[in-house]
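Every number in this text was worked out from the coordinates using simple rules, so none of it is lab data. The shown structure was predicted, so the numbers you read here are calculated from the model rather than taken from an experiment. Note that each Cβ is placed from the backbone with ideal geometry, even for glycine, and that neighbours are counted across all protein chains shown.
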Ligand SMILES: [Zn+2]
């Protein structure tokens, strides 16, 4: 698996949600999930062009840093993206004697990115917060709009818009 497809990402994200998301409902809280997985998660003073980072020193617990000034929906997506890096590493057999070091510039997290690690982390984040089956279910509801969906999943309008496009779902 050199890169997660949307379907791979959905399977992996579902596994993590079902194991660690005690709230079970939406919006999913990636911060509580990450903490349940043993990751330290903190707000940090990061440069403006950095959204977040995932760092792990050998023999230490991983840490996710989120840009302290970002909105809750943005932090939710960034945190899910960092979880994606971590989970995908574990999936490929990460060992505790290996360091992890991802610093995510806002540009890298954009849709145009082609780096397989970044595409995979973005797909994981989308699948984690907006699972395919739930997006389809919500999109079929009467009066469904990008506003109601963004609120339901706790994501930005651009995130839900992109997700709908990517899954080729059109609202009625
Ligand atoms: Zn990344």
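Once a ≥ b ≥ c are taken as the square roots of the eigenvalues of the Cα gyration tensor of the stretch 129-172, is the result rounded (a/c under 1.5), prolate (a/b larger than b/c) or oblate (a/b not larger than b/c)?
Verdict is rounded for the stretch 129-172.
Go ahead and run the numbers for FRET between residue 133 and residue 106, Cβ-Cβ distance against an R0 of 45 Å, rounding to 0.05.
After rounding, the FRET efficiency stands at 0.90.
With N denoting the number of residues in the stretch 59-108, provide Rg(C-alpha) divided by 2.2 N^0.38 Å, to two decimal places.
1.24
On C-alpha positions alone, give me the angle between the axis of helix 157-166 and the longest principal axis of the chain, in degrees, nearest 10.
80
Let me see the P(r) profile for the stretch 1-59: every Cα-Cα distance counted, bins of 10 Å, each bin given as a percent of all pairs.
18, 36, 39, 7
Could you state the angle between the C-alpha long axis of helix 6-20 and the longest principal axis of the C-alpha atoms of the chain, as a value from 0 to 90 degrees rounded to the nearest 10?
70
Pairing the Cα long axis of helix 72-91 with the longest principal axis of the chain, what angle in degrees results, from 0 to 90 and rounded to the nearest 10?
That helix lies at roughly 60 degrees to the long axis.
So, by mean Cβ neighbours within 10 angstrom, what's the order for 71-78, 133-140 with the highest one leading?
71-78, 133-140
Taking only the alpha-carbon positions of the stretch 84-172 and ignoring solvent, what does the Debye formula give for the base-10 log of I(q)/I(0) at q = 0.11, 0.15 Å⁻¹?
With no solvent term, the Cα-only Debye profile gives -0.38, -0.64.
Let me see the pair-distance distribution of the stretch 6-130: every alpha carbon pair, 5 Å bin width, integer percents in order.
Histogram of Cα-Cα distances, whole percents per bin: 2, 12, 23, 26, 22, 12, 3, 0.
Show me the ranking of peptides 158-164, 141-147 by mean Cβ neighbours inside 10 Å, starting with the highest.
Going by the mean number of other Cβ atoms within 10 Å, highest first, we get 158-164, 141-147.
Let's test the formula: R0 of 35 Å, r as the Cβ-Cβ distance of residue 15 and residue 162. What FRET efficiency results, to the nearest 0.05?
0.90
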